[in-house]
Amino acid sequence: AEVVFTELLDCSVGHSGIVHRELFNQMVRCYALADDVDRATMAIEEMQRRGIRRNFVTYAPLYRLLRQKEDVEGMIKLQAFVRKAEGGAVIKFIYVDMPRMMHPAWVAIRFNW
């Protein structure tokens, strides 16, 4: 998966910011499925270094993994990491928490339209 990720990252040209974000989101998901939180956070840090905007999809696999494992200490560390990566609690709330909370409402609206 990492080889394919690297190749796709190098050859994507159109809408590169969106494509790169989605590629990184998939790698974070792969690392979370492999139970490798450290590599997932390294991928998120690489997104930050490259100036790629993170969203709630970026962090969802890690939250899901830690919730399934019932790892309270890991969840606290992840919360601190997300606040640091996103530039504080307010920015994190606007770009990560609000979209995550609004997602079920948008799905309900879309299916009942």
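The values are calculated or read from the model by the stated rules, or taken from the named source; none is laboratory data. In this text the structure is predicted, and so the values were computed from the model without any measurement. Note: ideal-geometry Cβ built from the backbone for every residue, glycine included; neighbour counts use all protein chains shown. Calculation scope for accessible area: heavy atoms of the full protein, side chains included, ligands and nucleic acids excluded. Shrake-Rupley method; radii C 1.70, N 1.55, O 1.52, S 1.80 Å.
Quick notes on this structure:
- First in the range 21-44 and under 13 Å from Leu65 (Cα atoms) and open to solvent by less than 70 Å² (accessible area, probe 1.4 Å), second anywhere and part of a helix (DSSP H, G or I) and basic (Lys, Arg), Cβ under 6 Å, 6 or more apart: Tyr31/Arg39
- The C-beta contact set for the range 88-113 (first residue within 19 Å of Leu78 (Cβ to Cβ) and in contact (Cβ under 8 Å) with a residue 40 or more places away in the chain, second residue of a type in the set (A, V, I, L, M, F, W, C) and open to solvent by less than 100 Å² (accessible area, probe 1.4 Å), distance under 7 angstrom, 6+ apart or interchain) comprises Val96/Phe56; Val96/Val82; Pro99/Phe56; Arg100/Phe56.
- Residue count for the range 56-79 under the criterion of being part of a helix (DSSP H, G or I) and either open to solvent by 40 Å² or more (accessible area, probe 1.4 Å) or hydroxyl-bearing (Ser, Thr, Tyr) (or both): the result is 15.
- Subset of the range 80-90 (residues that are of a type in the set (Val, Ile, Thr) and surrounded by 13 or more Cβ atoms within 10 Å (Cβ to Cβ)): Val82
- Residue in the range 95-102 that is closer than 26 Å to Val4 by Cβ, touching a helix residue (DSSP H, G or I) at 6+ places or on another chain (Cβ under 9 Å) and open to solvent by less than 20 Å² (accessible area, probe 1.4 Å) present: no
- Arg53 meets the conditions (1) part of a helix (DSSP H, G or I); (2) touching a residue at least 40 places away in the same chain (Cβ under 8 Å); (3) open to solvent by less than 90 Å² (accessible area, probe 1.4 Å) in every case but one. The failed one is (1).
- Yes/no for Arg50 being touching a Phe, Trp or Tyr at 6+ places or on another chain (Cβ under 8 Å) and either at pLDDT 80 or above or of a type in the set (Val, Ile, Thr) (or both): no
- Residue match in the range 89-111 (condition: outside any helix (DSSP H, G or I) and modelled with pLDDT of 80 or more): no
- Test: residue in the range 79-88 that is modelled with pLDDT under 90 and on the phi > 0 side of the Ramachandran plot: yes
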